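The structure under discussion appears below in the form of structure tokens.
The values are calculated or read from the model by the stated rules, or taken from the named source; none is laboratory data. Bear in mind the structure is a predicted one, so any value in this text is a computation, not a measurement. Methodologically, a virtual Cβ is constructed for each residue, glycine included, from the backbone with ideal geometry; neighbour enumeration extends over all protein chains shown. To get the accessible areas, we keep the full protein, side chains included, count just its heavy atoms, and leave off ligands, DNA and RNA. Shrake-Rupley method; radii C 1.70, N 1.55, O 1.52, S 1.80 Å.
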Amino acid sequence: MSYIRAFVPLKHPACARHRLLEELTAKQRHSMYFTLARRIITALRDVPLMRDTVIVTSSAEVEIFAGHLGVRVMHQMRDKGINCAYRATIASSSAVGITNALIVAGDLPLVTSESLTALLQGAHLQERGVTIVPDRRHTGTNALVCTPADAIRLRFGPNSFAAHLRTAQEHGLEARIFESGELALDIDEPEDLDAWRRYDSPDQGHRTGGERLESTSIAGGRGSLPGNRADDLVRPG
């Protein structure tokens, strides 16, 4: 029986989205930050295979926010990143019987419970290995499933997609790549905002989520959270 715990790293809101300083006002960045955070927490809550979710943050504001949504928080004294925080908690996680870990970014505007469920279903949870979801540029890692939970040392940061593939190989583990349109878009650069707007454009219609390299389709839609449309949150100020 798999016991899957999700870890979601959320930087301090004041430190997030610095690359969007010229695109959005401080109020818009703050609004977008918590809308995206709520979206990933809500999506994870509706995944049947997920046992629980832990938010990793140094922000008291985020800790209160997560508490209101009923999820656990791993508090950091300062933003040290998910790599350090994960190492500090994985031993205790294993002690309570957690067999698998999902580490997922907190800024995925198209994420749905269906896309996360498809990821876990394709992750071979009974076999040792890692399943990596690359960002749309294939440089970063937007989600990572580890079996067992301590399968590899996390390498989130610049060029983490290649780093995770290399680390899995060094550990003699199977590394599976899971391509997903709904999980590939994260909000780091101005062009990511444009991609989100294009997705929400009425003349584009609903786009499918994508497919795994093994050609298993990913189901799911955008959901119906208030303020989900890009233009509601990221209209230039």
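Structure notes:
- The stretch 151-200 pair-distance distribution - Cα-Cα, 10 Å bins, rounded %: 21, 39, 26, 12, 1
- Exposure rank, largest accessible area first [74, 32, 1; 1.4 Å]: 1, 74, 32
- Each residue of the stretch 179-189 is assigned a 3J(HN,Hα), and the resulting list reads 8, 9, x, 6, 9, 7, 8, 10, 10, 10, 10 Hz, derived from the Karplus form 6.51 cos²θ - 1.76 cosθ + 1.60 (θ = phi - 60°), x at Gly and Pro.
- Accessible area in the full protein assembly, largest first, 1.4 Å probe, for 192, 46: 46, 192
- Computing FRET efficiency as 1/(1 + (r/R0)^6) for residue 34 and residue 198, where r is the C-beta to C-beta distance and R0 is 22 Å, gives about 0.40.
- Between residue 176 and 130, 131, 132, the built amide H atoms are under 5 Å apart, and every one of these is 5 or more places off in sequence or on another chain.
- The stretch 9-76 versus the stretch 130-173: alpha-carbon centroid distance in Å: 22 Å
- Under-5 Å amide H pairs with residue 142, H placed in peptide plane, nonlocal only: 133, 135
- Long-range amide H partners of residue 25 with built H, under 5 Å: 237
- Three-way shape call for the stretch 1-83 based on the alpha-carbon gyration tensor, with the a/c threshold at 1.5: prolate
- Antiparallel bridge percentage (DSSP; both residues within the stretch 98-187; nearest 5): 70 percent
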